[in-house]
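The values are calculated or read from the model by the stated rules, or taken from the named source; none is laboratory data. A quick note: this is a predicted structure, and the numbers were derived from the prediction, not measured. Using ideal geometry, Cβ is built from the backbone for each residue, glycine included, and neighbour counts are taken over all protein chains shown. Just so you know, the surface numbers come from the protein's heavy atoms only, side chains and all, with ligands and any DNA or RNA stripped out. Shrake-Rupley method; radii C 1.70, N 1.55, O 1.52, S 1.80 Å.
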Amino acid sequence: MTEESTDHGGRAAARRARRKPAKRRKALAIAAWSAAGVVLLGGAGLGYYYVKFNGNLKTVDIDQALGTDRPQNVDNGSMDILVLGSDSRGGANGEYGQDDGGSARSDTAMIVHLYEGHEKASVVSIPRDTMIARPSCTTSGGKTDPGGSRTQFNEAFTVGGAACAVKTVEKMSGIRMDHYIEVDFTGFKKIIDNLGGVEVTTTKPIKDGASHLDLAAGTNKLNGEQALGLVRTRKSVGDGSDLGRIQLQQAFIKALIKQVKGIGVFDNPKKLLDLADSATKAITTDKALGDVKSLMGFAQGLQGIDAQDMQMITLPVTTDPRDANRVAPLTKETKMVWEALLADRPIPAEATVNSSGDKSEAGSIVQ
């Protein structure tokens, strides 16, 4: 054998050796917490697929929209992500209600705090009907909406889209959002279907005409339509409030994370590609996450987080004194939450003791 052929064989062997870990590596995973909650997704792509998936993604330039009117960027190794579930009735989402002309509400909003090292996380759900002070925002038509001292939280997204929602959360919390992820109805369904469904156990039957859900008590494997129905269900569980729906969403998120960890998506190339395609079509991100390479890097830092590593609470709230159909933040307890996240500490248990947000029986219905 010549020296040249030996060298060529050595290089080929080296290339094969380098490829082996790639077979085991999760080439692309996307984490999306929505109306649901948290979705850890998989996908892979080189060449054609890389271009295809990049073309699927929709982005919003939050930094450009908000400029310098933002909290300080604290560099302590933690990360904060605002995750919204968009409920626009336009386009394919029209089957869930009257077409709203393209406007949308953020009926699901979660702040996901990844602690330093990204091995644990806290998730704070914000009830959509929380009465808050909303800052001025630029509308989709380029005008300025003045905001107000008493507005419903989910109106921020309707008024000024993602940028206004981020600005409102940052003003509420004093915490700068590092990233933004939005998932819509139709995309959520397709993600669940491409995962092969999600298995949940219900302690009671759930029947809700508004969300088209009819589940018997016991173990149920939900397809995309049923999963969407579950995370939208409100009036048929617990006290019928949005607080009960949040509890259902958080329980579903944990079930979803457990399933994604155990179904071996990454050993099935077709499922992987279908999932990557539906996931990248389903989400809107901030500009910094708006390409496959950035999403891959972001997701690689989330792979070690399991359901038991997530602390999930609802923003500490009580009945609004001026409107029994709305809720208002508990000043002392809410301050505890924001201070803990700013300092990269776990949220103290006493922050939720007096809150109505984590006391709904709906959370015990799904296991």
Taking segment 154-173 and the residues there that are open to solvent by 60 Å² or more (accessible area, probe 1.4 Å) and of a type outside the set (S, T, N, Q), the one that is nearest to the chain's Cα centre (by Cα) would be E155
Here the residues within segment 313-341 that are in contact with a Ser or Thr (Cβ under 8 Å, 6 or more places away or on another chain) and open to solvent by 30 Å² or more (accessible area, probe 1.4 Å) are T318, T319, R326, P329, L330
Is there a residue in segment 332-346 that is more than 22 Å from the chain's Cα centre (by Cα), over 26 Å from V74 (Cα atoms) and outside any helix (DSSP H, G or I)? no
Wholly inside segment 127-203, strands (runs of 3 or more DSSP E) that include 3 or more residues that are of a type in the set (V, I, T) and at pLDDT below 95 are 198-202
Only one of L273, L289, L295 is open to solvent by less than 50 Å² (accessible area, probe 1.4 Å) and out of contact with any strand residue (DSSP E or B) (no Cβ under 6 Å at 6 or more places or on another chain), namely L273
Within segment 271-300, restricting to residues that are among the charged types (D, E, K, R) and in a helix (DSSP H, G or I), the one that is farthest from D193 (Cα to Cα) is K287
request  = With respect to D242, determine if the residue is at pLDDT below 85 and within 23 Å of Q311 (Cα to Cα).
outcome  = yes
Flagged in segment 133-153 as open to solvent by 10 Å² or more (accessible area, probe 1.4 Å) and within 20 Å of L330 (Cα to Cα), in numbering order, are A133, R134, P135, G148, S149, R150, T151, Q152
Restricting segment 221-235 to residues that are open to solvent by 60 Å² or more (accessible area, probe 1.4 Å) and modelled with pLDDT under 90, the one nearest to A251 (Cα to Cα) turns out to be R234
